[in-house]
1. Taking the criterion of being modelled with pLDDT of 85 or more and charged (D, E, K, R), would at least one residue in the range 61-78 satisfy it?
Amino acid sequence: MEINSNRTFAQKFSIDKIGDEKESKYVFAALKLIERLYHDKLISERVFVNILNDCADIVDLSQFVIYEEERKENQKNV
């Protein structure tokens, strides 16, 4: 699959595979694994959010949790 320099992998993937429910389930599963890395603090929030935004047109992002309360507490402590 050739990727145009103006598109991310997720955008190209969604255009090529639009409507393919089985493929979106694989992307969802991969994002859940990435979410686990985020919760274990192995990747930053910024990286996690960017990955989610790239896949926004493939999966429903409302099923992913970002710790906004933790971020607010950190800002209060600074």
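The values are calculated or read from the model by the stated rules, or taken from the named source; none is laboratory data. Treat the numbers as computed from the prediction; the structure is a model and nothing was measured.
1. No, there is no match, as no residue in the range 61-78 is modelled with pLDDT of 85 or more and charged (D, E, K, R).
Here's the yes/no breakdown for (1) at pLDDT 90 or above; (2) among the charged types (D, E, K, R); (3) assigned to a loop (DSSP other than H, G, I, E, B):
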position	(1), (2), (3)
4	no, no, yes
7	no, yes, yes
14	no, no, no
24	no, no, no
34	yes, no, no
41	yes, yes, yes
51	yes, no, no
